[in-house]
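Single-structure report; data block below.
The values are calculated or read from the model by the stated rules, or taken from the named source; none is laboratory data. In this text, all values refer to a predicted model and were calculated from it rather than measured experimentally. FYI the Cβ positions are ideal-geometry reconstructions off the backbone, even for glycines, and counts take in every protein chain you see. We work out accessible area using only protein heavy atoms, side chains counted, and drop any ligands, DNA or RNA first. Shrake-Rupley method; radii C 1.70, N 1.55, O 1.52, S 1.80 Å.
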Amino acid sequence: MDKLLIQGGRALSGMISIHGAKNAALPILAAGLLCDGSLNINNIPPLQDIQSMIQLLRALGVTINTKNETEIVMDARHITGYHAPEALVKTMRASILLLGPLLSRFGQIKIPFPGGCAIGQRPIDQHLLGLKAMGAEIYIENDWIIGKSKKLTGANIVMQLTSVTGTENIMMAASLAKGKTVIHNAAKEPEIIDLANCLIQMGAQIIGHGTQKITIEGVKRLHSTHYHIMSDRIEASTYLIAAAATRGCIHITDINPRYLQSILHVLKLTGADIEIFPQSIRLDMRNHQPRAVNIKTAPYPGIATDVQAQFCTLNAVAKGSAYIEENIFENRFQHCEELIKMKARIHLKKNRAWITGIEKLEAASVCATDLRAAASLVIAGLLAEDVSEILNIHHMDRGYFDLEKKISQLGGQIKRISVQQKMIKQEVFI
Ligand code: EPZ
């Protein structure tokens, strides 16, 4: 397993661009199963999760040609099976996004229960509720989801809680169902808007995407199109938080600021000077310590749970004390234990992390437990003057492309050490 060595103590400064959104690309790749022609997708982020989804689709017989690092052409007309290989499904929870398209287009699916992960149980009852309402027969047998359906029919679906991939699965299934489907209490994330826009370009009839009520009029077929994936608002937020925590000044390009409203509002509360441009954002926190801010995660347009860990690190070096409340996942504070190894002053109580800021963190060897925890530990490494070591960085590779290169571009000292390399810390940053 590779690891990262980071020599902290420098403020980040400079300009970087943002890659395509992982959480938009994953459902859009699954939506390619609905298309009875070729689907050309570009601005795909070259991430591990994307490679896993491509492998999964190929295992079902979908032809996928990668035109370059960020563009693919896929064709699901000659799919050979509906049985998703267990090993591939278990590596990535987003494989649940195959459920709606396979049932809707091909009338059957057999997929292992994706199961929980480090941050929580991750149940799929809302996905199943919606698909059953549309006429699918789905049952769980020995940890496998087995589903079959004649032609799905539109339904009036009231989700009992807002689920991002639950909304996406139902919206995809409804696109080829017979009749109208209305999803009430739908999730409003920008990635759902991006998926809907891609489906509409393929001929789907969808209105209300981005609101809590989405109406889909089923059509007979979905045709070829070219689609450009939106930029990754979570990657963008991560670099902005890193710049604020290190008291730097960065300009991030290829990002729509509209999708970061709540996060930019919080960063202004920490004392950052923020300038918004049509497709870029500039953050300046030079020469002053960020102020601690209280944060409560919530479904969009609230503060995303996917930036909670990064804000914990910022509060760990902020002026004053504040709490961070996690309201989406039941076990998403594992990074706090690692931050405490770096002398962060954090006290966990129920779903709140109470944090008192200190001037600097201390270098340590820490372990990433999930994708966003990895990001929070990279930021922490940048804040500790000596060399920190971050293990299990395969988690990070699932959601951040070229992170070392981008951090180095911004003046950070960071090196990836493969397990074969036996370098001692002191040699790395001479
Ligand atoms: C999506 O996960 C994202 N993943 C997550 O990003 C993100 O953290 C999450 O939405 C919340 O914004 C993708 O889009 C691939 P949910 P998802 O269904 O859809 C409960 C990252 O770091 N729930 O919105 O799986 C669930 O347990 C990842 O990029 C049910 O109870 O999340 C959670 O507490 C991590 N039953 C809450 O709802 C269900 O059927 C929100 O989950 C579905 C969900």
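So here's what we get for this one:
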item	result
Accessible area (Å², per residue) of the range 33-88, counting only protein heavy atoms and a probe of 1.4 Å	40
Three-way shape call for the range 251-343 based on the alpha-carbon gyration tensor, with the a/c threshold at 1.5	oblate
Helical segments meeting 20 Å axial Cα length and Kyte-Doolittle 0.5 threshold in the chain (DSSP H)	none
Part-to-part distance (alpha-carbon centres) for the range 214-265 and the range 1-66, which is given in Å	14
Eligible lysines near residue 180 by straight Cα distance, threshold 19 Å, same-chain separation 8 or greater	132, 150, 151, 213, 220
Rounded to 5, percent antiparallel among DSSP beta bridges of the chain	70
Gain on full stretching of the segment that runs from residue 139 to residue 69 - 0.36 nm per residue minus C-alpha separation	21.4 nm
Mean separation of Cα contacts under 8 Å (6+ apart) over length of the range 202-323, as relative contact order %	22
Gain upon complete extension [residue 337, residue 408; 0.36 nm per residue less C-alpha separation]	22.9 nm
Protection proxy ranking of 269-282, 120-133, 380-393, 332-345 - average other beta-carbon atoms within 10 Å, highest first	380-393, 332-345, 120-133, 269-282
Where labels lie 7 Å past Cα in the beta-carbon direction, separation of residue 349 and residue 276 in nm	3.6
The range 1-100: relative contact order as a whole-number percent, Cα under 8 Å and 6+ apart	28
Radius 12 Å from Cβ of residue 211, net charge of other residues (Lys, Arg +1; Asp, Glu -1)	+1
Sequence-separation-based contact order of the chain, relative, with Cα cut under 8 Å and 6+ spacing, percent	21
Fraction of beta bridges assigned by DSSP in the range 199-347 that are antiparallel (%, nearest 5)	70
Surface share of carbon and sulfur [accessible, 1.4 angstrom probe, percent] for the range 195-338	50
The range 106-242: C-alpha gyration tensor shape, a/c 1.5 cut-off, then a/b vs b/c	oblate
Cβ-based net charge around residue 278, under 15 Å, with every Lys or Arg adding one and every Asp or Glu removing one	0
Radius, Kirkwood style, for the chain when every pair of distinct Cα atoms is counted (Å)	22.2
Summed side-chain charge close to residue 377 - residues other than residue 377 whose Cβ falls under 12 Å, Lys, Arg +1, Asp, Glu -1	-1
Residue 58 paired with residue 296, simple spin-label distance in nm, labels 7 Å along Cα-to-beta-carbon	4.7
In order through the range 150-163: 3J(HN,Hα) via Karplus (6.51 cos²θ - 1.76 cosθ + 1.60), integer Hz, x for Gly, Pro	6, 5, 5, 10, x, 8, 9, 10, 10, 6, 7, 7, 7, 10
Full-stretch length increase - residue 132, residue 83 - with 0.36 nm per residue and alpha-carbon distance subtracted	15.7 nm
